[in-house]
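K.L.:
Take a look at the following structure, please.
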Amino acid sequence: QLQLVESGGGLVQPGGSLRLSCAASGFTLDYHHIGWFRQAPGKAREGISCSTGRMRNYADSVKGRFTTFRDNAKNTVYLQMNSLEPEDTAVYYCAARRDHSFIPRCAAGMDDWGKGTLVTVSS
């Protein structure tokens, strides 16, 4: 059974950092695009990154501050978040798309989702 489990969320002060993890089970990361999304209270869900084994892209709102990377040995994808701002407060989700392309295509739709982890940026 395919499963994605996010962890690492919490409360952090503005300017701080957090690293989120997305542990995958029931499938390997090969041939899957992994997207990170977030949804702030009262706002629409926002795609913030999409990665394949070769390429990664980022939304303008996080570019230069967030980095996603994979540890294939652990079957886990990470989202390193630096210089956090109150506007980054949201529930963060990872999602997987079965796709053999090395060009990220998360915008075409995701197949499976995790349940999310809450990130709160506040002093």
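The values are calculated or read from the model by the stated rules, or taken from the named source; none is laboratory data. If you're wondering where the values come from, they're calculated on a predicted model, not measured in any experiment. Every residue, glycine as well, gets a Cβ built from its backbone with ideal geometry; the counts of neighbours run over all protein chains shown. SASA here: full protein model, heavy atoms, side chains in, ligands and nucleic acids out. Shrake-Rupley method; radii C 1.70, N 1.55, O 1.52, S 1.80 Å.
K.L.:
Report the residues of the range 34-61 in range of a label on PHE102: point 7 Å along Cα→C-beta, backbone N strictly under 13 Å from it.
P.N.:
Inside the label zone: 52-56.
K.L.:
Could I ask something else about it? Provide the per residue accessible area, probe 1.4 Å, for the chain, rounded to a whole number of square angstrom. List each step's numbers first, then the result.
P.N.:
Details: 6580 Å² over 123 residues.
Each residue of the chain exposes 53 Å² on average to a 1.4 Å probe.
K.L.:
Let's see if you can work this out: charge +1 on each Lys and Arg Cβ, -1 on each Asp and Glu Cβ, no other charges. What is the dipole magnitude of the range 1-113 about its Cα centre, in debye to the nearest 20?
P.N.:
Values: 13 positive and 11 negative charges, 40 e Å.
In debye, rounded to 20, the range 1-113 gives about 200.
K.L.:
For the chain, which whole percent of the accessible surface, found with a 1.4 angstrom probe, sits on carbon and sulfur atoms? Mind dumping the intermediate values first?
P.N.:
On the way: 3130 of 6580 Å².
Of all accessible area on the chain, carbon and sulfur atoms account for 48 percent.
K.L.:
Moving on. What is the antiparallel percent of DSSP beta bridges lying wholly in the chain, to the nearest 5? Please list the in-between numbers first.
P.N.:
Working: 38 of 41 bridges.
The antiparallel fraction comes to roughly 95 percent.
K.L.:
Rank ASN82, ASN57, ASN72 by mean-square fluctuation in a GNM of the chain with C-alpha springs under 10 angstrom and give only the top-ranked residue.
P.N.:
For the chain, modelled as a Gaussian network with Cα springs under 10 Å, the answer is ASN72.
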